[in-house]
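Q: Can you keep this structure in mind? I'll have questions shortly.
A short reminder: the numbers here are calculations on the coordinates, not readings from a lab. The shown structure was predicted, so the numbers you read here are calculated from the model rather than taken from an experiment. Here Cβ is always computed from backbone atoms with ideal geometry, including for glycine, and neighbour counts include all displayed protein chains.
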Ligand code: SF4
Ligand code: SF4
């Protein structure tokens, strides 16, 4: 396992962090998964108030004093949603500490700073950050950051408040929109924690054959991890196993954090060339210039899913993400593509001159299906 400095927090975190949203089958499974993670070198465990019984089960493991290391050798992050007032946040912080059987949190993340309203709450004088500041002052919280599923402009604005020491965000080989946020966070010496690269980065544990063939001799999962770990600005990647056994595959790559090799670069170029060849003049370049859409369709994200489905057969992943539109609130905002009224507003803004309404209808036909929900709503 490699370790990296988590920005200005000065913590040294393992390059993989244990996410605790999927291992909740039983307290015993939780305990075994944590024990295996620690044995494999993970020293950062992440939970959240919103992850069902995750804090409680993790707290029981901590209270049992059976962990093979002492408290100073592992770091706990919990995440709490932004609140409009300080009192609610005071209560939430105390409840998390109680459930976790901890007298301090290494890191507290504002969970899902996803909207401009959330940012207003965070910036408000007597808002939730007042309670967070008190907890920092009296030692119950050591470091403060935020997680986000919001748009790039919002993430940049949140980073620019200078209220936070780390950021937890989406950024993967197949989704590089947030690169400017990575750059800004690194410039401000923030820790950078990537949300679930295997799942959100393409459901890469179960890749389609087309993608596997294109990535050969590497696996798609391996290439995505290598793409992220070769970037020294990034501190740690979350891995969310449902069982201890599911840690084995990702942690094979935990020592491979050097620069991309010439062979890896060739394969990444092959992926790019293949996408260009398959999509031709229908490729959405992800410039985001078409927004806003009066029907609130996240045109670039819909067309990103189309790009990936056509080029790499990432259709299951596309369906999983596409069917979260209209079903996940501010965690995955936007209307489904069939809401397009063909008003034409977006057309002059697209430098690729794409026939956006037609491509949206095509994407809807390919990816529509039963509603998908966020993992911890299931
Ligand atoms: S044409 Fe469709 S996608 Fe484009 S702005 Fe109008 S409603 Fe939105
Ligand atoms: S403007 Fe065109 S190329 Fe750019 S994101 Fe929108 S649809 Fe894609």
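Q: Compute the helix-to-body angle for 128-137: its Cα long axis versus the longest principal axis of the chain, expressed 0 to 90° and rounded to tens.
A: 40
Q: Sum -39500 (n - 2.57) across every DSSP H segment of at least 4 residues in the chain, then divide by the residue count to get the 222 nm mean residue ellipticity, nearest 500.
A: On the way: 15 runs with 150 residues, N = 378.
The helix contribution divided over the chain gives -11500 deg cm²/dmol.
Q: I've got another one for you. Find the relative contact order for the chain and round it to a whole percent, using C-alpha pairs within less than 8 Å whose residues are 6+ positions apart. List each step's numbers first, then the result.
A: Details: 676 pairs, mean separation 58.9, N = 378.
RCO, the chain: 16 percent.
Q: If you don't mind, another one. Using a basic spin-label model with each label point 7 Å from the Cα along Cα→Cβ, how many nm lie between residue 184 and residue 263?
A: 3.9
Q: A further question follows. Neighbour counts of other C-beta atoms within 10 Å: give me 44, 170, 143, 101 arranged from fewest to most.
A: Numbers: 44 26, 170 19, 143 22, 101 16.
Neighbour counts put them in this order, fewest first: 101, 170, 143, 44.
Q: Fewest Cβ neighbours within 10 Å first, please rank 142, 12, 65 accordingly.
A: On the way: 142 17, 12 13, 65 9.
Going from sparsest to densest Cβ surroundings: 65, 12, 142.
Q: Take the alpha carbon gyration tensor of segment 159-216, find the square roots of its eigenvalues, order them as a ≥ b ≥ c, and report rounded if a/c is under 1.5; if not, report prolate when a/b exceeds b/c, else oblate.
A: Details: a/c = 4.00, a/b = 2.81, b/c = 1.42.
Prolate, since a/c reaches 1.5 and a/b exceeds b/c.
Q: Shape of segment 3-260 from its Cα gyration tensor (a ≥ b ≥ c, root eigenvalues): rounded if a/c is under 1.5, otherwise prolate when a/b > b/c, or oblate? Walk me through the numbers before you get to the answer.
A: On the way: a/c = 1.81, a/b = 1.21, b/c = 1.50.
Since a/c reaches 1.5 but b/c is at least a/b, the shape of segment 3-260 is classed as oblate.
Q: Extension gain residue 116-residue 249, at 0.36 nm per residue separation less the Cα-Cα distance, in nm? Could the numbers behind the result be given before it?
A: Values: separation 133, 0.36 × 133 = 47.88 nm, distance 3.81 nm.
That works out to 44.1 nm of additional length.
Q: If you don't mind, another one. For a quick check: sort 326, 342 by the number of other beta carbons within 10 angstrom, fewest at the front. Mind showing how you got there, number by number?
A: Working: 326 14, 342 11.
Sorted ascending by nearby Cβ count, the order is 342, 326.
Q: Something else: Between segment 115-193 and segment 325-347, what is the C-alpha centre distance in whole Å?
A: If we compute the Cα centre of each part, the gap is 26 Å.
Q: Additional query: At a Förster radius of 35 Å, what calculated FRET efficiency corresponds to the Cβ-Cβ distance of residue 210 and residue 156, to the nearest 0.05? If you can, show how the numbers build up before the last one.
A: Numbers: r = 35 Å, r/R0 = 1.00.
For residue 210 and residue 156, the calculated efficiency is 0.50.
Q: How high is the FRET efficiency from residue 330 to residue 65, r the C-beta distance, R0 25 Å, rounded to 0.05? Show your work: numbers first, answer last.
A: Numbers: r = 39 Å, r/R0 = 1.56.
Efficiency for this residue pair is about 0.05.
Q: Quick one: if you stick a label point 7 Å off each Cα along the C-beta vector at residue 2 and residue 94, how many nm between them?
A: A separation of 4.4 nm, rounded to one decimal place.
Q: Over the chain, what is the percentage of antiparallel beta bridges among all DSSP beta bridges, to the nearest 5? Please list the in-between numbers first.
A: Working: 5 of 32 bridges.
Antiparallel bridges make up about 15 percent of those DSSP assigns within the chain.
Q: From the square roots a ≥ b ≥ c of the eigenvalues of the alpha-carbon gyration tensor of segment 264-367, which class results: rounded (a/c under 1.5), prolate (a/b over b/c), or oblate? Don't skip to the answer; put the middle values down first.
A: Details: a/c = 1.98, a/b = 1.34, b/c = 1.47.
Oblate is the answer for segment 264-367, as a/c is 1.5 or above yet b/c matches or exceeds a/b.
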